Amino acid sequence: MTSDHDVIIVGAGLAGGILAGVLAEGGRRVLLLERGRALAYSDIPSDHLRNHRLTLYGDNTTPDPAGHPRVFIDGAGVPHTVLPHDARYQLNAFTVGGGARVWGMQAWRFHPDDFRMATRYGVPDGSSLADWPIGYADLAPFYERAEHEIGVAGDHAGTTHAPRARDFPLPPVPRSPSAEWLARGADRLGWRTFTPPLAVNTRPYLGRGACIQCAQCIGFACPTDAKNGSHNTLLPRALASRRCTLVTRAHASRILTDGFGQAIGVEYFAPTTTDSATLERRTARARTIIVSSGAIESARLLLLSASPLQPHGLGNHSDHLGRHVQGHAYPIAYGLLPPDVESSLLGPGVSVATTQFNHGNPGIIGGAMLANDFVKLPLIFWRQSLPPDTPRWGLANKRAMRDLFRRGIDVRGPVQEIPSPDSRVTLDPAVRDTFGLPVARLSGTTHPETVRTAEFIRARAEEWLRASGAERLWSWPAEKKFSAGQHQAGTCRMSADPRDGVTDPFGRVHGHDRLFVCDGSLHVTNGGFNPALTIMALAFRTAEHLLASP
Ligand SMILES: Cc1cc2nc3c(=O)[nH]c(=O)nc-3n(C[C@H](O)[C@H](O)[C@H](O)COP(=O)(O)OP(=O)(O)OC[C@H]3O[C@@H](n4cnc5c(N)ncnc54)[C@H](O)[C@@H]3O)c2cc1C
Ligand code: SF4
């Protein structure tokens, strides 16, 4: 058992990298444990069949996928053992940088009302909808810090859904002709649009180059390192301080506690030498432990850390640990551009959005931001975006692909989900990972109010395409299903009262002086926006709180 560190952070993902940077620069000695590898651009294949946008036969970052299954309980209660490339696994990304290594970079602040959903809408039957114990004003300075220290490109004047004190550090991404066409359609409806915020270098920034608008953005690494996350900003700062030790291929298996139940260290498996295939069990001690492993794995690690004093898992004093899992329902309306509208295959692709329907929709709880989509791989277009009556095979399909690929257009939005206590992560009683540890068991389904909101948003997406002059229009109804995925959140929600959640408003596990959680797990609700900028803001806030603590 070593104690050479002030802080141990479990997970060098998006939040973990920020925590490491702020804490190490603030003088703390940090041990950063990451189960994945630090991957160079050339280590992340551009395979169209195996990537984080289309995991048909695998993905392009997960180490040892077969050694880390999960168990998915279907609607009939039947368990299925699933591997990372299966959609039911709810994969984000297991690598240094986490999901942001391959993400789409949408970097949204939540709406102020996203923090007070229960007050604004009441609590629907069967749901666990609650207000956050903090408000937008508490996070605003940290949103600003994330925008500037990670690097976000945006339209200050247009992005009005949440008050902003300072302009974005980078100019917005260029608008494609089809996005201009959508903006004109929105004008006809009286809807306000703007260019959405993306964490991308639209010009050189923080010592790295600008986006070259390649056609392969989301799901892949960036050829110019213009895609911003903590892996190329705060993590290098942590390492440069010489106070952060990053151990990759280090899989935390348990939080260690003392005789009073307080966290004192972490047990983990790591290679005996840097390149060795042999892993050994190690322990490390520190004054503060921060779990930052993503919403599913953070809950799993706390459940795995049960002790005689806390037999149901650390932080499970009020039976909230692992519950309230949320992601985003994502309704999509598809159409075809008229022949006179120029399509574009320049990345990233997302360049027009509206926040008209995030709140204030009569009879509906919450809502969603709507935007156009990333440039698509041809195979994704073939699978998801062809008109329903298109021949799927042979010469007729080839002709359809040739005619329609550049004319496809869609509008989509992340729907504010209504949390349910039955949507949860537990430990599977039978299936174990490569280390012999029980794997995450995922069960539950979407609350009916989420489906209602998703149907409302789908209708707005269709309305937008129709008003823009789309030649054809089609979409699929929202359905109930377990929802977490890349936007997974909520499993260790924060609360002012220990009876209502797992951590306090700074991420400190209730009743545990030295144990923190900091990632999407903390979200009480997940907003009608992509969640990562909120995850980053919380990481800056928790790290500053720790530096200010004696
Ligand atoms: C293809 C893709 C596109 C996306 N696009 C967007 C977008 O446009 N906008 C947006 O807001 N969000 C997007 N996301 C989601 C976003 O990446 C996540 O919300 C974000 O990364 C979550 O941050 P986190 O710190 O909670 O977890 P993560 O970034 O997932 O980090 C968790 C880290 O912990 C490590 N870990 C897990 N268990 C252990 C363990 N036991 N021991 C050691 N290490 C462990 C993991 O390997 C991982 O590196 C996208 C994700 C993907 C995959
Ligand atoms: S579109 Fe730009 S940010 Fe995205 S991967 Fe290509 S070069 Fe990088």
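The values are calculated or read from the model by the stated rules, or taken from the named source; none is laboratory data. From a predicted model like this one, the values you see are computed outputs, not experimental measurements. Cβ atoms come from the backbone with ideal geometry, glycine included; neighbour counts cover every protein chain shown. Keep in mind that these areas ignore ligands, DNA and RNA; they rest on the heavy atoms of the full protein, side chains included. Shrake-Rupley method; radii C 1.70, N 1.55, O 1.52, S 1.80 Å.
A few notes on this one:
- Shape parameters for region 36-111, alpha-carbon atoms, Rg then Dmax in Å: 14.1, 43
- Here the calculated FRET efficiency for Thr434 and Ala87, from their Cβ-Cβ distance with R0 = 25 Å, stands at 0.65, rounded to the nearest 0.05.
- Apolar share of the accessible surface for region 1-116: 50 percent from carbon plus sulfur atoms, 1.4 Å probe.
- Surface per residue (accessible, 1.4 Å probe) for the chain, Å²: 37 Å²
- Region 113-209: equivalent-ellipsoid semi-axes (sqrt of 5 x gyration tensor eigenvalues, Cα, Å): 29, 22, 11
- If both residues of a DSSP beta bridge must be in region 5-153, then about 55% of such bridges are antiparallel.
- Estimated FRET transfer efficiency (Ala496, Arg166; beta-carbon r; R0 25 Å; 0.05): 0.30
- In a reduced charge model with +1 at each Lys and Arg Cβ and -1 at each Asp and Glu Cβ, region 222-298 shows a dipole moment near 260 debye about its Cα centre.
- Computed on the Cα trace of region 152-208, the radius of gyration divided by the Kirkwood hydrodynamic radius gives Rg/Rh = 1.03.
- Computed across region 305-377, the Kirkwood radius stands at 17.1 Å (inverse of mean 1/r, all Cα pairs).
- Gyration tensor analysis over the Cα atoms of the chain returns equivalent ellipsoid semi-axes of 36, 25, 24 Å (largest first, whole Å).
- Base-10 log of normalised Debye intensity for region 159-275 (one unit scatterer per alpha-carbon) at q = 0.23, 0.24 Å⁻¹: -1.34, -1.36
- Angle in degrees between helix 448-468 and the longest Cα principal axis of the chain, rounded to the nearest 10: 40 degrees
- Secondary structure note: in the chain, about 65% of the DSSP beta bridges are antiparallel.
- Table column - 3J(HN,Hα) (Hz), region 72-86, Karplus curve with 6.51, -1.76, 1.60, x for Gly and Pro: 10, 9, 7, x, 8, x, 8, x, 10, 7, 10, 9, x, 6, 7
- Portion, in percent, of the accessible area of region 242-348 that falls on carbon or sulfur, probe 1.4 Å: 50 percent
- The chain: angle of helix 394-404 to the longest principal axis, Cα-based, in degrees nearest 10: 90 degrees
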